[in-house]
Amino acid sequence: MKISPCVFLTLLPCLMTLATADPEGFNYDEAKVPRFTLPDPLVSNEGAPVSSTSQWQRNRRGEILRHFEEAVYGKRPGKPEALEFAITSLDENALGGKARRKQISVLFEGGGRPFAVHVLIYLPKDASKPAPLFIGYNFNGNHSVNADPGIHLSKSWMRKNENGNQSHRATDASRGTASSRWPVETILARGYGLATAYYGDIEPDHANGWKDGIRSYYKTDDNGQPLALEDWSAISAWSWALSRIVDYLETDSDIDAKRIALFGHSRLGKTSLWAGASDERFAITISNDSGCGGAALSRRAFGETVARINTNFPHWFNQSFKQYSGNENALPIDQHELIALMAPRPVYVASAVDDEWADPNGEFLSAKAAGPVYGLFGKRGVGVDQQPPINTPVGDFIGYHVRSGGHNVTDYDWEQYLNFADRHFGR
C-alpha cells in the first residue's frame with residue numbers, strides 16, 4: 001500500500017511513539033514488583049557487621065567487587081606493559097577559537113595485529129591551569145559528537161546503519177549527528193575539558209564482537225591468572241579501556257587527572273558504573289538512564305529484566321550472569337552495592353520519567369540503598385526517602401534526578417552534572 005506524504009506526516013508522531021515505546025509483556029506496575037530483600041553492603045560474607053571505613057576499605061569493598069566480577073561483569077586484565085600514546089592531531093584554535101582540540105591514539109601491542117583506541121579531547125582555549133575533565137564513550141564515533149570537520153572520521157564497525165552510517169561504516173554524513181547529546185561548547189564555557197572515544201574501537205557491540213576486539217588480545221587478569229573469553233565481558237572490556245585512557249590523561253599536563261568525571265548513557269552508563277567501581281581514579285561517576293545491569297535494582301524485575309538483557313545482549317555480561325535470569329534473588333549482590341563501591345567518591349544517578357524500561361524508581365532506590373556506605377564515611381547520600389518530583393535534583397555525595405522525557409541525554413541532564421562537578425571539585 002502506498003502512503004501519501006500528507007498521510008505519512010500525520011502518522012509520523014504515532015509511528016515515533018510506537019518505535020520508542022517500552023516493550024510489551026514486561027512489568028511496569030509497582031504493585032506487581034516481587035517481594036525481595038536487598039543484600040546489606042555493610043555485612044561481610046561471614047555475616048559480620050562492617051562499622052568502620054577501614055573495615056570497608058580493607059575487606060568488604062573487595063568482597064563486593066569480587067562478587068560483581070564473578071556473577072555479573074567478569075574480570076579485567078591489568079595495565080599492559082606495552083602501552084603507547086600518540087598525538088595524531090592538534091588544533092590550538094578549534095571551534096572558532098573556543099577550544100584546543102587534541103586527538104590521540106592509545107596503542108596496544110599483542111595478538112599479531114595493530115590495535116588502537118582513538119580519543120578526541122577538547123580543552124578550554126583560555127584555561128590558565130590544568131583543566132578538570134569529563135570523559136565518556138560515544139555510540140557512533142568521535143566525529144558524531146560535533147560537526148567540527150577536523151575530527152577524524154571513525155573507521156571502526158558501526159552498530160547501526162543510520163545517522164549517516166552505511167554498511168556499518170561511518171560516512172561524512174554522520175558528522176555531528178549526536179551533537180545534541182554532547183553540548184561541547186557549554187562544557188568548555190564552564191571550564192571543563194571533554195574526552196570521548198567510540199566504544200566500538202574497543203569491542204564491536206555484537207555477540208561476536210570479541211573476535212575483533214580487545215578480548216581477543218589479553219589472556220590473563222590483573223593477577224596474571226588465565227583469563228578465558230567467558231571470564232570477562234564486553235562491559236568489562238569497555239570499562240577497562242576507559243582506565244587505559246586515564247593512563248594517558250595522567251601524562252597530559254593540560255589536564256587535571258585528579259578531577260575526572262566519568263559519564264555514560266544507557267549501556268555505556270552500565271559501563272561507566274563498572275569502570276568507576278573498578279578504578280578509583282575516576283573522581284566522579286555519572287550514570288544516565290543505565291537501567292538493568294546498571295543503576296536499577298535487578299531484584300525488582302521492573303521493565304527490562306535480567307532474563308531479557310541476557311537474551312538480547314549475551315555479550316554484555318559474563319557467562320555466570322546467565323544463571324540469574326529469572327532468578328534475581330539468588331544474586332549475591334544487587335546494583336545498590338555497585339553504586340556503594342564508589343564511596344566516598346561522588347556518584348550521580350539520573351533517570352527519565354518516560355523511560356520505564358530502565359526502571360527510574362529502581363534506579364532511585366538503588367542510589368538510596370547505597371547511602372549507608374556513604375554514611376560510614378560521614379557523607380550524605382540522596383537525602384530523601386522517596387523518588388523526588390520530576391526535574392528536582394536531590395542529594396549530596398549521591399546525586400539523583402528524574403527528568404521529564406524519555407531515554408536520552410539532554411541539556412537538562414548536563415546542567416545537573418556540571419553543577420554537581422562544580423560543587424565537588426570546589427569550582
Margin query: Here are the criteria: (1) buried (at least 19 other Cβ atoms within 10 Å of the Cβ); (2) closer than 25 Å to PHE420 by Cβ; (3) within 23 Å of the chain's Cα centre (by Cα). Tell me which single one SER180 does not satisfy.
Written below: (1)
Next item on the list: Restrict the check to the range 411-427 and report whether at least one residue is under 19 Å from the mean Cα position of the chain (by Cα) and aliphatic (A, V, I, L, M).
Entry: yes
Notebook entry, point to check: In the range 206-226, which residues are crowded, with 21+ Cβ neighbours inside 10 Å and either under 28 Å from ARG259 (Cα atoms) or touching a Lys or Arg at 6+ places or on another chain (Cβ under 6 Å) (or both)?
Noted result: ILE214
Next item on the list: Read through the list (1) closer than 22 Å to GLY78 by Cβ; (2) buried (at least 24 other Cβ atoms within 10 Å of the Cβ), then give the number of the only condition that TYR192 fails.
Entry: (1)
Next item on the list: Of the numbered conditions (1) assigned to a loop (DSSP other than H, G, I, E, B); (2) open to solvent by less than 40 Å² (accessible area, probe 1.4 Å); (3) in contact with a strand residue (DSSP E or B) (Cβ under 7 Å, 6 or more places away or on another chain), HIS407 fails exactly one; give the number of that condition.
Entry: (2)
Next item on the list: Please work out if PRO314 is within 19 Å of the chain's Cα centre (by Cα) and either under 24 Å from ALA261 (Cβ atoms) or at pLDDT below 95 (or both).
Entry: no
Next item on the list: Quick one: in the range 54-107, of everything that is under 20 Å from LEU133 (Cβ atoms) and among the polar types (S, T, N, Q), which residue is most open to solvent (accessible area, probe 1.4 Å)?
Entry: ASN93
Margin query: Looking at the range 197-228 only, could you name the residues that are assigned to a loop (DSSP other than H, G, I, E, B), more than 14 Å from PRO314 (Cβ to Cβ) and small (Gly, Ala, Ser)?
Written below: GLY213, GLY224, ALA228
Check: modelled with pLDDT of 95 or more and more than 25 Å from LEU341 (Cβ to Cβ) - does that describe any residue in the range 49-70?
Finding: no
Next item on the list: Within the range 377-393, track down each residue that is out of contact with any helix residue (DSSP H, G or I) (no Cβ under 6 Å at 6 or more places or on another chain) and open to solvent by 30 Å² or more (accessible area, probe 1.4 Å).
Entry: GLY378, LYS379, ARG380, GLY383, VAL384, ASP385, GLN386, PRO389, ILE390, ASN391, THR392
Margin query: Looking at SER51, SER89 in this structure, which one is of a type in the set (S, T, N, Q), out of contact with any Cys (no Cβ under 6 Å at 6 or more places or on another chain) and in a strand (DSSP E or B)?
Written below: SER89
Next item on the list: Determine if the range 115-132 includes at least one residue that is assigned to a strand (DSSP E or B) and charged (D, E, K, R).
Entry: no
Margin query: Can you report the number of residues in the range 229-246 which are in contact with a Lys or Arg (Cβ under 8 Å, 6 or more places away or on another chain) and either part of a strand (DSSP E or B) or open to solvent by 10 Å² or more (accessible area, probe 1.4 Å) (or both)?
Written below: 3
Margin query: Criterion first (open to solvent by less than 30 Å² (accessible area, probe 1.4 Å), aliphatic (A, V, I, L, M) and within 21 Å of GLU203 (Cβ to Cβ)) does LEU120 satisfy it?
Written below: yes
Checklist line | the range 266-291 - residue that is open to solvent by 10 Å² or more (accessible area, probe 1.4 Å) and touching a residue at least 60 places away in the same chain (Cβ under 8 Å) and, of those, farthest from ARG423 (Cα to Cα) | finding: ARG267
Next item on the list: Taking only the range 152-175 into account, find how many residues are touching a His at 6+ places or on another chain (Cβ under 7 Å) and free of Cβ contacts under 8 Å to residues at least 24 places away in the same chain.
Entry: 2
Next item on the list: Output the helices (runs of 4 or more DSSP H) that fall wholly within the range 266-363 and possess 3 or more residues being closer than 29 Å to GLU46 by Cβ and out of contact with any Asp or Glu (no Cβ under 8 Å at 6 or more places or on another chain), or say none.
Entry: 267-278, 335-340
Notebook entry, point to check: Can you name the residue in the range 394-404 that is among the β-branched types (Val, Ile, Thr) and more than 19 Å from GLU30 (Cβ to Cβ) and is also most open to solvent (accessible area, probe 1.4 Å) among such residues?
Noted result: VAL394
Notebook entry, point to check: Among the residues of the range 107-132 satisfying the criterion of being touching an Asp or Glu at 6+ places or on another chain (Cβ under 7 Å) and modelled with pLDDT of 95 or more, which is nearest to ASP413 (Cα to Cα)?
Noted result: PRO132
Item checked: Meets criteria (buried (at least 24 other Cβ atoms within 10 Å of the Cβ), among the hydrophobic types (A, V, I, L, M, F, W, C) and either at pLDDT below 95 or touching an Asp or Glu at 6+ places or on another chain (Cβ under 8 Å) (or both)) for ALA370 -> yes
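The values are calculated or read from the model by the stated rules, or taken from the named source; none is laboratory data. Quick caveat: nothing in here was measured; it's all calculated off a predicted structure. For neighbour counting, all protein chains shown are included, and Cβ atoms are generated from backbone atoms with ideal geometry for every residue, glycine included. Accessible surface is based on the protein model in full, side chains and every heavy atom, while ligands, DNA and RNA are left aside. Shrake-Rupley method; radii C 1.70, N 1.55, O 1.52, S 1.80 Å.
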